[in-house]
Amino acid sequence: MPASPAGQLRSIAIGVTDLEAAERFYTSTWNLETVARTPDAAYLRGSGSFHHILALHRSSKPEVRNVSFSVAAAADLETIAARTQQHGGRVLAGPQPVEEPGGGTAVVIADPQGRILRFVHGDARHPGVAQRDAPERITHVVFNSADVAVAQRFFEEALGFCLSDRTKIMAFMRCNSDHHSIALADSDSDTLNHIAFVMPDLDAVMRGAGRMLDAGWPIEWGVGRHGPGNNVFSYFVGPDDFVIEYTADVLQVDDSYQTGGPSDWTWPAGRFDQWGVSKPPSDRIKQAQKKIRFIEH
């Protein structure tokens, strides 16, 4: 698989209506660590090397501000900017220095459906830490899309993503060896579906789910094992109704991987995961998966 200039999914920036309460949740219960603060934002790291994987911004309403990728070379920023303009997106800024904790140089774009994506090079890194129950990084973000074909074409032609699998309701897109870093879900609007945080292993997913239950946050879907991507999952609805997932065992693929279609990913009636143990998604999560919008720019 030719290298995508997008590199690797790094972080997501979200607007929250109670910054202090959200920071307490994501540190004390979700198990991230605050590495920087400003009067109106908190930057949280996982146990991996990225400076931060989640940025919380004080906001009047829940929203997605941007999704950021870490790119391998400064030249990739120029490549992304040029391809974005060629394939129906907009360059909003850069390449230019990033004026927030973590630094680096970034190009900021909007895709054809208005999602803000940042591509960052030269940002600060941490030594990885051994933490058996903390998320290492964000492994994927799922976008709802009113026109998946348009979104998929942009991610392929402008950003070098490849289609890993297509089900009846979702296109799974990769930019490195992770089975998917972005997935595009068929929908009637362009909103956020969920954010997936990868844990070290299945046991860490289960312990994390137990910690959430102890803190009063019920499992809204799972625990189970997905088909495409083969990953273990446990879904929750967090503060401001952001849908968040603990996951592990994400399938690693290369250019020999055979892209699957909808007929390859079907379950017997009443089954909602590979194992056949997961209950169906709750009504609460189904509603939450549709409601968070992207900031307009």
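The values are calculated or read from the model by the stated rules, or taken from the named source; none is laboratory data. Fair warning: this is a prediction, and the values are worked out from it, not measured in the lab. Note that we place each Cβ from the backbone using ideal geometry, even for glycine, and neighbour counts take in every protein chain shown.
Against the condition at negative phi, of a type in the set (S, T, N, Q) and in contact with a helix residue (DSSP H, G or I) (Cβ under 6 Å, 6 or more places away or on another chain), how does SER234 come out, does it pass? Here the answer is yes, as SER234 does meet what is asked.
Restricting attention to the stretch 1-51, which residues are free of Cβ contacts under 8 Å to residues at least 24 places away in the same chain and crowded, with 21+ Cβ neighbours inside 10 Å? Listed by number, the residues that qualify are ALA42, LEU44.
Scanning the stretch 15-65 for residues that are in a helix (DSSP H, G or I), closer than 18 Å to PRO101 by Cα and among the hydrophobic types (A, V, I, L, M, F, W, C) yields one hit, LEU19.
When GLY114, GLY94, GLY103, GLY88 are checked against the criterion of being part of a strand (DSSP E or B), surrounded by fewer than 21 Cβ atoms within 10 Å (Cβ to Cβ) and of a type outside the set (A, V, I, L, M, F, W, C), a single residue qualifies: GLY94. Figure legend. Inter-residue proximity from the stretch 173-194: first residues without any contact (Cβ under 8 Å) to a residue 40 or more places away in the chain, second residues hydrophobic (A, V, I, L, M, F, W, C), beta-carbon distance below 8 Å, spacing 6+ or different chains. Indicated pairs: MET173/PHE155; MET173/PHE161; MET173/CYS162; MET173/LEU163; MET173/ILE182; MET173/ALA183; MET173/LEU184. Among the residues of the stretch 128-145, at least one is surrounded by fewer than 20 Cβ atoms within 10 Å (Cβ to Cβ), of a type outside the set (Val, Ile, Thr), in contact with a Ser or Thr (Cβ under 6 Å, 6 or more places away or on another chain) and modelled with pLDDT under 95.
Within the stretch 225-242, does at least one residue satisfy the condition of being of a type in the set (A, V, I, L, M, F, W, C) and surrounded by fewer than 20 Cβ atoms within 10 Å (Cβ to Cβ)? No, the stretch 225-242 has no match at all. Just one residue in the set ARG58, ARG45, ARG65, ARG90 is farther than 30 Å from ASP203 by Cα, within 16 Å of the chain's Cα centre (by Cα) and at pLDDT 95 or above; that residue is ARG65.
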